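Asks: Sharing a structure below in structure tokens format, with a few things to ask.
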Amino acid sequence: MKRIGMLTSGGDCQALNAAMRGVVKTLANSGEKVEIYGFLDGYKGLIYSNFQMLTGRDFSGILTKGGTILGTSRTPFKTIHEPDDNGVDKVEAMKQTYHKLQLDCLVILGGNGTHKTANLLREEGLNVVTLPKTIDNDLWGTDMTFGFQSAVNIATDAIDCIHTTAASHGRVFIVEVMGHKVGWLTLNAGMAGGADIILLPEIPYDINKVIDKIEEREKNGSRFTIIAVAEGAISKADAKLSKKDYKKKLEKYTYPSVSYEVAAMIQEKTGREVRVTVPGHMQRGGSPCPYDRVFASRLGAEAGKLILDGQYGFMVGYKNREIVRVPLEEVAGKLKTIAPDAAIVKEAKLLGISFGD
């Protein structure tokens, strides 16, 4: 008998259910007797021993369902060692829940913060296997995360829809895409949607270069310009500020987001009409695309095999088109960012896309 705990932590995304289904189906098809303890609302469920006993039936029919049947929440790693409002030691509480239920393994699905805590639990002696979930595709140690391709599809659809109204009215349109620290989602959606300018956190922009591109298009007969902007895009001037000074600026920030600041500056300097569209959490929602259904299922199957093999302390990743096992200590605390001289950036520039640099 194997007793497996399972939780989803951090922001939700498409294919979380597909990944969990992959784990459970693999274990069930092995002939091994298994008990599944589903912890509700992420690490909170593990901390406060809030769980449901699940069977194979609970994972039937969820391949195409978005979100997570277990619920999720954010438990920031930076406060994981701080007692809660009632003085509960979170790390010790998670360990006690694990041992009280006599679990053989924890299967944890999440992104960067989730993996930091997962690695901490591994260091505390718990058996852990993780799966790479994030629409940002910014987890170290894997070329792809599930949820990313579905989010790219949605963000691309948003840019596609903007094209017709932008062309009709001869406007500059900004589509703000999710991504605070990395720009994989914005870059891929921007290229797929035919954006003319793409602004990323990794490549600080000069607003004058952005305007140069808009004016160049106008001279060449284009009545409109599409700009894909990542949530975390930053100007060259702001990038030069110290963390302290940048934080002070943000405290006095009057714009809803960077996209509105870019829009205001373009309007001020050119007199052009600019509109901002923010798809927001739509990018996390809905049914997973076929790619993510297959990909998450493959990752889940490998996680199930790790458990059957008694191999713990790994994230199931994807490198060079192969499913791989990546030691958790190599993943935790690292971001996979876009290098300004990356091949995909160079190729985008060959297509005429400006990054404002």
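The values are calculated or read from the model by the stated rules, or taken from the named source; none is laboratory data. In this text, all values refer to a predicted model and were calculated from it rather than measured experimentally. Every residue, glycine as well, gets a Cβ built from its backbone with ideal geometry; the counts of neighbours run over all protein chains shown. Heads up: the accessible areas ignore ligands, DNA and RNA and are worked out on the full protein's heavy atoms, side chains in. Shrake-Rupley method; radii C 1.70, N 1.55, O 1.52, S 1.80 Å.
Asks: Suppose R0 equals 41 Å. What FRET efficiency, 1/(1 + (r/R0)^6) with r the Cβ-Cβ distance, do D238 and V324 give to the nearest 0.05?
Replies: It comes out at approximately 0.65.
Asks: Rounded if a/c is under 1.5, else prolate if a/b is larger than b/c, else oblate: which is segment 290-335, with a ≥ b ≥ c the root eigenvalues of its Cα gyration tensor? All intermediate terms of the calculation are to be shown ahead of the outcome.
Replies: Values: a/c = 2.16, a/b = 1.17, b/c = 1.85.
Oblate.
Asks: Another question about this same structure. Principal axis extents for segment 176-229, Cα atoms only, whole Å, descending order, please.
Replies: Here the spans come out as 34, 23, 13 Å, largest first.
Asks: Let me ask you something else. Please compute the contact order of the chain in relative form: average sequence separation of alpha-carbon pairs under 8 Å and at least six residues apart, divided by the residue count, as a percent. Display every interim value, and only then the final one.
Replies: Details: 764 pairs, mean separation 85.8, N = 357.
Taking the mean separation of contacting Cα pairs over the length of the chain, I get 24 percent.
Asks: By its C-alpha gyration tensor, with a ≥ b ≥ c as the square roots of the eigenvalues, how is segment 226-296 shaped: rounded for a/c under 1.5, else prolate for a/b larger than b/c, else oblate?
Replies: Working: a/c = 2.77, a/b = 1.61, b/c = 1.72.
Oblate is the answer for segment 226-296, as a/c is 1.5 or above yet b/c matches or exceeds a/b.
Asks: With every protein chain kept in place and ligands, DNA and RNA left out, what is the accessible area per residue of the chain? Probe 1.4 Å, answer in Å². If you can, show how the numbers build up before the last one.
Replies: On the way: 15860 Å² over 357 residues.
On a per-residue basis, the chain sits at 44 Å².
Asks: Another one. Output the 0 to 90 degree angle, nearest 10, between the alpha-carbon long axis of helix 290-309 and the longest principal axis computed from the alpha carbons of the chain.
Replies: Value to nearest ten degrees: 30.
Asks: Give the peptides 85-94, 182-191 in descending order of average Cβ contacts within 10 Å, highest first.
Replies: Details: 85-94: 13.1, 182-191: 26.7.
So the peptides 85-94, 182-191, ranked by packing, come out 182-191, 85-94.
Asks: Using a Cα-Cα cut-off of under 18 Å, which aspartates and glutamates could be cross-linked to K95, ignoring same-chain neighbours fewer than 8 residues away?
Replies: Of all the aspartates and glutamates, those that pass the test against K95 - Cα under 18 Å, at least 8 places apart if same chain - are D41, E82, D84, D104, E123, E124.
Asks: Let me ask something else. Any chance you could give the angle, 0 to 90 degrees and rounded to 10, that helix 16-29 forms with the longest Cα principal axis of the chain?
Replies: With both axes taken from Cα atoms, the answer is about 30 degrees.
Asks: Same structure again: Quick one: grab the alpha carbon gyration tensor of segment 142-192, order the square roots of its eigenvalues as a ≥ b ≥ c, and give me rounded if a/c is under 1.5, else prolate or oblate depending on whether a/b is larger than b/c.
Replies: On the way: a/c = 3.38, a/b = 2.20, b/c = 1.54.
Prolate, since a/c reaches 1.5 and a/b exceeds b/c.
Asks: Further question on the same structure: Which one, L121, L106, L200, has the greatest fluctuation when you compute a Gaussian network model over the chain with C-alpha springs under 10 angstrom?
Replies: L121
Asks: Here is a further query. Give the calculated FRET efficiency between K349 and S222 to the nearest 0.05, with a Förster radius of 22 Å applied to their Cβ-Cβ distance.
Replies: Numbers: r = 18 Å, r/R0 = 0.81.
Step by step, r from the Cβ atoms, then E = 0.80.
Asks: Right, next: Going down the table (K44/K116; K2/K305; K2/K25; K2/K44; K133/K181), which pairs top 18 Å between alpha carbons?
Replies: With Cα atoms farther than 18 Å apart: K2/K44.
Asks: Among (i) 1.44; (ii) 1.03; (iii) 0.98, find the value of Rg/Rh (Cα atoms, Kirkwood Rh) that was calculated from the structure presented, and write down its label.
Replies: So the structure-derived entry is (ii).
Asks: Another question, if that's okay. Can you count the Lys pairs in segment 197-303 with C-alpha separation below 23 Å, eight or more apart or on different chains?
Replies: 22
Asks: Next question, about the same structure. Pull out the extension gain between H180 and K209, defined as 0.36 nm times the separation in residues minus the alpha carbon to alpha carbon distance; nm, one decimal.
Replies: Details: separation 29, 0.36 × 29 = 10.44 nm, distance 2.20 nm.
Stretched fully, the H180-K209 segment lengthens by 8.2 nm.
Asks: When the Cα centres of segment 283-347 and segment 1-64 are compared, how far apart do they sit, in Å?
Replies: 18
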